[in-house]
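Here is the structure we will look at.
The values are calculated or read from the model by the stated rules, or taken from the named source; none is laboratory data. All values reported here derive from a predicted model rather than from experimental measurement. When we count neighbours, we look across all protein chains shown, and the Cβ atoms used for this are built from the backbone with ideal geometry, even at glycine. What goes into the accessible areas is simple: the full protein's heavy atoms, side chains included, and nothing from ligands, DNA or RNA. Shrake-Rupley method; radii C 1.70, N 1.55, O 1.52, S 1.80 Å.
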Amino acid sequence: LNVTEEKFVLDTLAGCIEYKSLLDIVVNAFFVQDGKYCLISERNLYTVICYLATFQLEELGLQHFSRIVKSLNTAKMQKFLRFFFNTLYLNTWIKDEWSQFYDSLYVKENWIDPLLRWQPKVQQLIEQLTDKLSNRTTTVKTSTVTQPEEFNLTVPKPRAIPIPLPIPVLEKRQPVPPSTYKPPKEKKQLEEIKRKNRRKAEIRSILCVCKGDYFFLNSLLVQGTFLTGREVVPFLPQYLEVIWELVLRQYFEELQIDNIPIKLNAAAILREGALYQRKMEQELKRIENLLRGAGDPSEFLEWQKQMRGKDLEEQLAEIECRRLQGKLSHEEAVLAHQNVIQENKKKADLVREEKAEMMHQYAEKRLQEQREMRELVEQVVEGHKNAKQAKIKLQKYKQQIVQEVCEENRELLRQALEEEEEKLRKRYELIQQIRAIESLPSLRHKFVDLTETGGHGLICEMSIVELRERLALLREAQKAAEEEKRDQIIHEKQAKEQLLLDKLDQISLFRAELGRAAALKQEEKKRKSQSGERPVKDERILNLQKKIVEKTMERKKQAGLL
């Protein structure tokens, strides 16, 4: 390119980059509306035409602009110019979109009004392009076609077809058993047993708390809770309906020791046998103490039982007080929350007023910033005009640097190639030496005598034959020791089984005696439970219940006002 053309191209490129945001608005809208079927690779073409029509039309003149447009694709240019020089589009959305980046008055005076002045003349150019499209004829250029000639190559001999290898037949695998993908039955049985045991344990804990007092049991069922250790545990909902019936039915059945055959392991048998042995020794020791004149601790145990019952009643009353105090604190917290809501509403009104005042101040500040921004834009436009000359000088300086770097790279590449050729020559010589050494013949077979020793001069040296004989003797000795150990284990197992049978006989006798003793004890408890009285509520509980009712009424009244 000559100097004039190069300057024009650089100015056009700089302008497209500077006003990219404005040009993208028009080009994107063109691709959405009229250019739906245009290639996205032609985007830069439309950007350049849009820039020339908007910013350079006054300098170029309509003649040069028409020459540039007619040198391009007629259909594409006709479609784009008809879209861009639409009077309605220029006065409406194009003007509004450009006003978001620059001042609206500046946009109208410098860009929109010139485009509207040039619109009638550009419309004539569009009509010329339309006429050219309607009258154009397709001409096919004929050119000489190169005729290829075949190479005179040697025809290769046909290759022999290799014999296909036989395909190995795999053995038929056994199908996966269906039980692999099914859960085991034992798991469901264990879950069912666990559920039943949990139910029995809960009923047993209720019975331990009540200790035969049915009026106290009825009060616990009404409250829906019972005491275990130091905690108040709620009844599960599925047990509230049937718990009373189950307690009455299973009270005496669960405390009885049924003589059901249970399969026990060795550890359980020995453990239970040791337990009964300790109990028998304790009973013998108690009888000896009575014979020597010691007192019967039954009265003390009865007094201790009564005192524990009183402690339990006091503990239940204390727990009920805590529950009611918690309920009372909940009602007070609800009242306090309602008061906080009223205070928050007042604060919100004050915040709204402050926010309106701040928005007014912010609007004034934004107007001042817009005025300053307009002044800054005018200064930046002046700076861009001076920056074009600096860009041209910088580009020439960079081209000079690139040329010097290319010369240095060529010299370095030549030196690297020479070094690589020297390394390859040395490597080739080393490979030749290794191949010459490998070509020398060598002895590969060595005869071994199994009856000879290694000849290392050690005392424990022996031949392979002697080593095999000694290993055979060791295996025979090890086998004899295993047989002796097996006989000893069998004798010990028989003695242990006999001991377990004796323990089982002893356990069955103890269980029968304990069952009879438990039956007598249950009859005695039944007689005592008939004379029980219903516990009376504590005065503190009644006062707390009254306070809770008062707070609830106050909270409902406050909620109605809100």
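Points to keep in mind about this one:
- Every pair of residues 6+ apart whose Cβ atoms lie under 6 Å, when the first sits in the range 541-562 and is touching a residue at least 40 places away in the same chain (Cβ under 8 Å) while the second is open to solvent by 70 Å² or more (accessible area, probe 1.4 Å): I548/K327
- Answer residue from the range 279-320, given it is among the acidic types (D, E) and within 30 Å of I541 (Cβ to Cβ) and is most open to solvent (accessible area, probe 1.4 Å) among those: E314
- Test result for T47, surrounded by fewer than 13 Cβ atoms within 10 Å (Cβ to Cβ), modelled with pLDDT of 85 or more, in the same structural domain as F8 (by the TED database) and not hydrophobic (A, V, I, L, M, F, W, C): no
- Evaluated against (1) in contact (Cβ under 8 Å) with a residue 60 or more places away in the chain; (2) open to solvent by 90 Å² or more (accessible area, probe 1.4 Å); (3) under 30 Å from I541 (Cβ atoms), L335 falls short on exactly one condition, (2).
- Selected residue (only one of L72, L90 is without any contact (Cβ under 8 Å) to a residue 40 or more places away in the chain and part of a loop (DSSP other than H, G, I, E, B)): L72
- Matching option when the condition is touching a Cys at 6+ places or on another chain (Cβ under 7 Å), of a type in the set (F, W, Y) and modelled with pLDDT of 85 or more, among F84, F101, F8: F84
- Subset of the range 451-495 [open to solvent by less than 100 Å² (accessible area, probe 1.4 Å), outside any helix (DSSP H, G or I) and either at pLDDT 90 or above or among the acidic types (D, E) (or both)]: E461
- Scanning the range 57-69 for residues that are in contact (Cβ under 8 Å) with a residue 40 or more places away in the chain and of a type in the set (V, I, T) yields one hit, V69.
- Take the conditions (1) closer than 30 Å to T12 by Cα; (2) surrounded by fewer than 10 Cβ atoms within 10 Å (Cβ to Cβ); H384 misses just one of them, which is (2).
- Checked against the criterion of being surrounded by fewer than 19 Cβ atoms within 10 Å (Cβ to Cβ), within 21 Å of E5 (Cβ to Cβ) and touching an Asp or Glu at 6+ places or on another chain (Cβ under 9 Å), the candidates Q56, Q63 yield just one match: Q56.
- Selection within the range 274-306 - under 24 Å from R511 (Cα atoms) and basic (K, R): R278, K279, K285, R286
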